[in-house]
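The values are calculated or read from the model by the stated rules, or taken from the named source; none is laboratory data. Here the structure is a predicted model, which means the values were calculated and not measured. Neighbour counts run over all protein chains shown; Cβ positions are idealised from the backbone, glycine included.
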């Protein structure tokens, strides 16, 4: 009944298939397109979660060269439509209601038990411009599901950086280096942490965040993201 009422007042067309969207929870993405979102089950790096070409390979080249500070990183799916569309509607178009169904997808990626959940932070100027952190919205539901403490102001971004999109791996690492710090070490010391991000591409950001948390005393860090993008 609620869906019918909302559809009557706020009719929406699915941006993927152009059909009417009758489910307000995932609007404007229709139910059929939302159900078509698939979890990635192909070969991947056991450490950072990067999709691999061969089933034989178990560790990617970057993790062989430098082991990350996190225990492992996992993504629910690949950064393709309709998952990409859902993330972008939340991130760039303010469709905050999508944070709940997106977090439900994220739980399927295998979120471990932990003491605290921390979102990858935004720089304060970007946060004011966007008015919300999409990773923080998703982290709220993950913390509730895992009965873990949600820490929003513990890991902070202290330096503005260029957008990572379009930068190659080495440039991304240089761009993000030293951009984070931990405000309250006591909150994470000897704790197991779930670090939440929306999209991981080269992994430079989650590596830097994890290293910052590890240096501050975190016992173990698990990185969970909605989607894994394709890097250059």
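Data for the structure
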item	result
Segment 122-139 - residue that is in contact with a strand residue (DSSP E or B) (Cβ under 7 Å, 6 or more places away or on another chain) and over 12 Å from residue 195 (Cα atoms) and, of those, surrounded by the fewest Cβ atoms within 10 Å (Cβ to Cβ)	123
Which listed residue is crowded, with 18+ Cβ neighbours inside 10 Å and not assigned by TED's automatic domain parsing to the domain that holds residue 18, from 104, 114	114
The lone exception for residue 88 - which of (1) buried (at least 18 other Cβ atoms within 10 Å of the Cβ); (2) assigned to a helix (DSSP H, G or I); (3) out of contact with any strand residue (DSSP E or B) (no Cβ under 7 Å at 6 or more places or on another chain); (4) in contact (Cβ under 8 Å) with a residue 24 or more places away in the chain it fails	(4)
Failed item in (1) under 22 Å from residue 68 (Cα atoms); (2) surrounded by fewer than 20 Cβ atoms within 10 Å (Cβ to Cβ); (3) out of contact with any strand residue (DSSP E or B) (no Cβ under 9 Å at 6 or more places or on another chain), with residue 202 passing the rest	(2)
Hey, residue 169 in contact with a helix residue (DSSP H, G or I) (Cβ under 9 Å, 6 or more places away or on another chain), modelled with pLDDT under 95, surrounded by fewer than 18 Cβ atoms within 10 Å (Cβ to Cβ) and over 30 Å from residue 15 (Cα atoms) or not	yes
Boolean, residue 212 is surrounded by 13 or more Cβ atoms within 10 Å (Cβ to Cβ), at pLDDT below 95 and within 18 Å of the chain's Cα centre (by Cα)	no
Residue 48 being over 26 Å from residue 102 (Cα atoms) and in contact with a strand residue (DSSP E or B) (Cβ under 9 Å, 6 or more places away or on another chain)	no
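Okay, residues lined up against (1) outside the structural domain of residue 150 (by TED's automatic domain parsing); (2) part of a loop (DSSP other than H, G, I, E, B); (3) exposed (fewer than 14 other Cβ atoms within 10 Å of the Cβ); (4) touching a strand residue (DSSP E or B) at 6+ places or on another chain (Cβ under 8 Å):
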{"site": "25", "(1), (2), (3), (4)": "yes, yes, no, no"}
{"site": "55", "(1), (2), (3), (4)": "no, yes, yes, no"}
{"site": "59", "(1), (2), (3), (4)": "no, yes, no, no"}
{"site": "73", "(1), (2), (3), (4)": "no, no, no, yes"}
{"site": "99", "(1), (2), (3), (4)": "no, no, no, no"}
{"site": "110", "(1), (2), (3), (4)": "no, yes, yes, yes"}
